[in-house]
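These notes are about the structure you will find just below.
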Amino acid sequence: MKLSDLISKYNFKNYTPENFKDKDVNFAFCSDLMSDALMILNSVKDERILKESMLITGLATNQSVRTAEMLDVDVVLLVRGKIPSLKVVDLALESGVMLFSTEHTMFNMSGLMFQEGIKGILYNHQW
């Protein structure tokens, strides 16, 4: 699904419009523990999966942006109406990460995206 379609359909707030590029989002993963998110790096063997992925988190800190950057994931979605600080937004802009937020909970947003055909990342998932 196109990122622009997700943004309009689910009313994402865009904190980094300067970084926006419309792209396909075919995979997503959720975590509030960035160490768990980094496990994805060890499990995904095909980098195309991460290029088409979104990190969904309730952690509105620099750690989320840094983790996305390490994973080569350029879309971070903050859930539960979290508002990032200006420091976090500046880091996202500097890192080329697109930072969004939604009022949905992590569980509900994941379910909605799954209904749209977006797949979760499984450990050792291959293209």
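The values are calculated or read from the model by the stated rules, or taken from the named source; none is laboratory data. These figures come from a predicted structure and were not determined experimentally. In this analysis, Cβ positions are derived from the backbone assuming ideal geometry, glycine residues included, and neighbour counts consider all displayed protein chains.
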Check: In the range 1-20, how many residues are of a type in the set (V, I, T) and either part of a helix (DSSP H, G or I) or within 12 Å of the chain's Cα centre (by Cα) (or both)?
Finding: 1
Note to self: Looking only at the range 35-54, count every residue that is buried (at least 20 other Cβ atoms within 10 Å of the Cβ) and in contact with a Ser or Thr (Cβ under 7 Å, 6 or more places away or on another chain) and tell me the total.
What the structure shows: 1
Item checked: All positions within the range 90-110 that are surrounded by fewer than 17 Cβ atoms within 10 Å (Cβ to Cβ) and not polar (S, T, N, Q) -> D90, E94, G96, E103, F107
Margin query: Tell me the residue from D24, D72 that is modelled with pLDDT under 95 and touching an Asp or Glu at 6+ places or on another chain (Cβ under 7 Å), please.
Written below: D72
Check: Of the numbered conditions (1) surrounded by fewer than 22 Cβ atoms within 10 Å (Cβ to Cβ); (2) touching a strand residue (DSSP E or B) at 6+ places or on another chain (Cβ under 7 Å); (3) under 16 Å from M98 (Cβ atoms), D32 satisfies every one except a single condition; which is it?
Finding: (3)
Note to self: If I ask for residues that are small (G, A, S) and more than 14 Å from the chain's Cα centre (by Cα), which ones from the range 21-45 would you list?
What the structure shows: S35, S43
